[in-house]
Structures are given as C-alpha cells and as structure tokens.
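The values are calculated or read from the model by the stated rules, or taken from the named source; none is laboratory data. Predicted, not measured: the structure shown is a model, and the values here were computed from it. Here the Cβ positions follow ideal geometry from the backbone for every residue, glycine too, while neighbour counts run over all protein chains shown. Side chains included, ligands, DNA and RNA excluded: accessible areas come from the protein's heavy atoms. Shrake-Rupley method; radii C 1.70, N 1.55, O 1.52, S 1.80 Å.
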Amino acid sequence: MSFVSRGFTGRRRAVPAGRLPPGQYDVGDGFPVLSAGPTPYTSLDRWDFRVRGQVDEERRWSWAEFQKLPRESVVVDVHCVTSWSKLDTRWEGVSVDTLLADVVTAAEFVVAFSDGGYTTNLPLADVTDGQAWVVDNYDGRPLAPEHGGPARLLVPHLYLWKSAKWVRGLELTVEDEPGFWESFGYHNYGDPWREQRYAGD
Amino acid sequence: MAGTAIRRRLSWQRADVLAVQREARRAYRLSLRPPDWSGHLPGQHVDVRLTAEGGYTAQRSYSIASAPQQPGIELIVERLEDGEVSPYLTEVLRAGDLLELRGPFGGYFVWPAGDGPVQLIAGGSGVVPFLSMLGHHRATGGLRQVRLLYSARTFDDLIGQAELARQPSTVEVTVTLTRGAPAGWTGLTGRVDARLLAEHTIPPAQEPEVLACGPTGFVEAVANALLELGHDPIRIKTERFGATGGP
C-alpha cells in the first residue's frame, strides 16, 4: 500500500531498532492507566493467590506465604493495545513457573482472574518457561493500586491487557475460554509483534 | 460475561475528510465519511493511522462523537502539544484529505442497555463518547433518566456546547469549570469530588449505570469517590486516557 497521509512526517522518539512492535510508540516516562472499572482495594490480610480448576489439588498462598516464595527481577518492554509501549520497565515478583511447579494438570489454557471481576485467557504454554510473573513491585516500590497492586500478572510478550491487574489466581482449563476484553472484540491471543489487536487480526 | 464479540476482521479504510472545525480551545471536530461503515454503538472508538513518506506509521484510538443515527462519523480530537498524531489531525488535516481508519471497536464502554437511569461523568475530552450516547438517547426517544456531570478547565474548553444545550427533558447537564469561570457563569466551579458528586449526580439508591471518562487522575478520583458514596462497582464503567500519572 502506498498511501501517504498528506503532510505527515512523524515525530517519533528515537528508539533502538527492533524494540517497538508495529504500530506502537514509545510513551517515554509516562505510564498510562487503562482499566474497565474502579480500582479495587483489597487489604493484604484478605489477599490470597490461588491456582485452581483443572489441577490435582488447589493451591493457595496468603500474602505472607507469597512473600516467602523465591523472587525474580525482570526488566522488560511492555506494549499496550492502545498503541503505547514502555521500554525497560523494572518489576519484581514470583515466576508463574514457581506457582505451577508441582501442579499436575491436563489443562492447556489458563484464565487469570482478578479482584473486580476481570479475567483474561492465555495458553498455558505462554505463562510457563520463564515468560510470566506475578509481580508486586514496580521500579523498586510496591506496585501502586492503579497499576494493579498489590499484585498483577506480567506477560510481557503479549499486549498488556493479558497482564491482569489485581490478579488473585490462575484457573487452569482444558478449553480456551475468552476473558473480559477477549469477549468484547479484542484478539484472543494478542501478540504485539503480529499486531493482533482485535478479533480477526 | 456477555460480550458483543466481533469476529470479522475490520480492515483499514480511507475515509473522506468532509470538514475539520474548531470545537473548543484545544479540540477540533473531524467530520468523516468512511466508504464501508455499518454503524457503531454509542461509546465505541476507531483507530486512526497516519503514514509518512517511507512507510513510517503512527496510530491512535479516538472515541466517536456522533450518534449512530447520523450519517458518517465525527471524531473530536484534543490537540496535545507534545503529541504526534493529534497536532496533525487538528492543524494539518483539512477537508478533501483522506484519513485511514478502522473500526468501530470496543463493546464495553458503550450506552447501557435497558431503561434504568444513566449517570455520565466526563473530564475534559472524556465527554466525547457521551456526546454520541446523548445523541443516540435523543434519537431513540429520550425516555430514560440521564444526567451528565462534565468537568472542564474553562468555558472555552467546553466541547459539544451546541449539542449539550439541546437535550430532551430527561437529560440534565451539569458543568463545572475548574480553572475560572467567565462573568455571569451560573454553572458550578471547582473539581469533582465526593461532595460535588453527592449533590449533582444520581444517588446510588436509584442504582444508575455510571460511566466515567477522562484523564487517568480524574477517573481514578471519581471512581473512588463513587465507591465511597455507595455505588456498586459492578455498575461503574470507566475509560481512562492520557500518559500522565507515575507508577
């Protein structure tokens, strides 16, 4: 396609080659917030994280127990479907591999579920092998509520709506079950490098 | 959760730009005629894509301001000084150009079904999707109770003044100006907080569907205050925009 928007030259921020997926821009120091409803505030003494569904035995960690799990630091680029990307974001938390370590399951999918009723679906293979974390720390500080605190999922290789804020657990499923945005016309998988923003992309 | 899933891929298309008109101090109204348009839900958005010589592209999402009953679509774009796309749309684009877009997208932040009361709360250009909703409400008989609480910086920043002035009797529009009001201003002044919400919005006892749209800080404060007042979070939908707000 050779369409050119008359008079548009672009004012892109200098970004190292290969860092931005197609159609994305570098938001720089900003960190936009996009959520479908009010920010839920769950007290830490009522917080827990569950692994349930198609599992041999349900797992549950209280906040205190979760804090004792082995922690990892990650520095990753994140990409929002609304076209901003944020490079070199620093997070800390627990690898999903740790949370699923001894789970026996026939499931091939997971649904992450959150306070406030939010859900998002992912293939199990996309949250294992060092690709996903439950993070409670951003840039050296406890994760702020509007960014998903006390804890959110982080799956940086998919659009950021897959990184469920206020996450409270993973439900392992045999069938793929569309989550919240996936039921409202957004792509089921959401690979930013293939620009899978909306259903059918 | 029941969704209005759209499984057909919506392709990029080149809309005719019919007009670009100043709407408010920093906002412009784009009248567009997409060649292939099968309608939208009030509150949905389109993605706009700009392409430079050499193939560099930039894309952004914009809420649709016009009602589905109106031919074509209108977008209202606020110019962000350090933006890349909005300065082009508001200062370079003109009638006769083509603008690439695709949509409509988003089936969540839309006009609620049913006949119960609806409370709309807008900060700045967050009023845009509500103009589409109010236009739809009017076009469909305007029977249910609707209130709009609209916070803008100054009188000159008000978007949709003409539309907001001609609403059916079921619609009550309350405007508050946060950075000074002109002489003779009879509306409210000051920021939206719990007190202002308590006095000028539909109370939680009437169980309104509440939609709040605006900059992140505004929506965050409004949503928290709504919970304080006793609204059920299940009936509060939010749409936030802007790159402000640290982690």
Seminar exercise, completed: Gyration tensor on Cα atoms of region A:62-201, a ≥ b ≥ c root eigenvalues, a/c under 1.5 rounded, else prolate if a/b beats b/c, else oblate, says oblate
Problem set entry | Karplus (6.51, -1.76, 1.60) ³J(HN,Hα), θ = phi - 60°, over region A:102-108, in Hz, Gly and Pro reported as x | 9, 6, 9, 8, 9, 5, 10
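Shielding by partners for B:42-51, please: the mean number of other protein chain Cβ atoms within 10 Å of each residue's Cβ. Let's see the in-between values first.
Numbers: counts 0, 0, 1, 1, 0, 6, 1, 4, 8, 7.
Average per residue, whole number: 3.
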Exercise. Stokes-Einstein D for region A:62-127 at 10 °C, 1.306 mPa s, Kirkwood Rh over Cα pairs, in µm²/s?
Worked result: 110
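Taking only the alpha-carbon atoms of chain B, what semi-axes of the equivalent ellipsoid follow from 5 times the gyration tensor eigenvalues under a square root, in whole Å, largest first?
29, 21, 18
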Problem set entry | For A:Tyr186, distant residues with modelled amide H under 5 Å away | A:Ala199
Problem set entry | Amide H contacts under 5 Å for A:Thr173, placed H, 5+ residues apart | A:Gln54, A:Glu108, A:Phe109, A:Val110, A:Val111
Exercise. Rounded to the nearest 100 Å², what is the sum over both chains of accessible area buried where B meets A, with a probe of 1.4 Å?
Worked result: 4200
Exercise. Going by a 1.4 Å probe on protein heavy atoms, which residues of region A:81-127 end up with at least 30 Å² less accessible surface in the whole assembly than in their chain alone?
Worked result: none
Problem set entry | Structure-based [θ]222 nm, chain A - -39500 (n - 2.57) summed over DSSP H runs of at least 4, per residue, nearest 500 | -1000 deg cm²/dmol
Exercise. Which of A:Glu146, A:Glu58, A:Glu92 moves most in a GNM of chain A, Cα contacts under 10 Å?
Worked result: A:Glu58
Problem set entry | Accessible area per residue in Å² at 1.4 Å probe, computed on region B:13-105 | 39
For this session: Run the quick spin-label model on B:Asp97 and B:Thr140: label points 7 Å from Cα toward the beta carbon, then report their separation in nm to one decimal.
Result: 3.4
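Once you average over the residues of A:132-145, how many Cβ atoms of partner chains fall within 10 Å of each Cβ?
Values: counts 0, 0, 0, 0, 0, 0, 2, 2, 1, 2, 1, 1, 3, 2.
Mean partner-chain Cβ count within 10 Å for A:132-145: 1.
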Problem set entry | Percent RCO, i.e. relative contact order, over region A:109-190, from Cα pairs under 8 Å lying at least 6 residues apart | 38
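Report, as an integer, the average count of C-beta atoms from other chains found within 10 Å of each Cβ along A:37-44. It would help to have the intermediate numbers written out before the result.
On the way: counts 10, 17, 7, 2, 2, 0, 0, 0.
So the per-residue partner count for this stretch is 5.
From Cα pairs below 8 angstrom and at least 6 apart in sequence, can you work out the relative contact order of region A:47-194, rounded to a whole percent?
28
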Problem set entry | Most mobile of B:Val128, B:Val92, B:Val219 in a GNM of chain B (Cα contacts under 10 Å) | B:Val92
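Per the Kirkwood formula on distinct C-alpha pairs, the Rh of the protein assembly as shown is how many angstrom? Numbers along the way, then the final one.
Details: mean 1/r = 0.0436 Å⁻¹.
Hydrodynamic radius (Kirkwood, Cα only) of the protein assembly as shown equals 22.9 Å.
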For this session: Please list, or write none, the lysines whose alpha carbon is within less than 16 Å of the alpha carbon of A:Lys86, excluding same-chain residues fewer than 8 places away.
Result: A:Lys162
Problem set entry | Candidates A:Arg59, A:Arg50, A:Arg19, ranked by Gaussian network fluctuation over chain A, Cα under 10 Å, top entry | A:Arg19
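So what's the back-of-envelope 222 nm ellipticity for chain B, counting only DSSP H runs of four-plus at -39500 (n - 2.57) apiece and dividing by all residues, rounded to 500?
Dividing the helical sum by the residues of chain B leaves -4500 deg cm²/dmol.
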Problem set entry | Residues whose placed amide H lies under 5 Å from that of A:Ser114, excluding near-sequence neighbours | A:Arg168
Problem set entry | Portion, in percent, of the accessible area of the protein assembly as shown that falls on carbon or sulfur, probe 1.4 Å | 49
For this session: Return one whole number: the accessible area per residue of region B:118-241 in Å², for a 1.4 Å probe.
Result: 41
For this session: Go through region A:127-132 residue by residue and turn each phi into a ³J(HN,Hα) via Karplus (6.51, -1.76, 1.60, θ = phi - 60°); whole Hz please, and just put x for glycine and proline.
Result: 10, 10, 6, x, 10, 8
Exercise. Could you give me the ³J(HN,Hα) list for region B:103-108, computed from phi with Karplus coefficients 6.51, -1.76, 1.60 and θ = phi - 60°, whole Hz, x at Gly and Pro?
Worked result: x, x, 10, x, x, 9
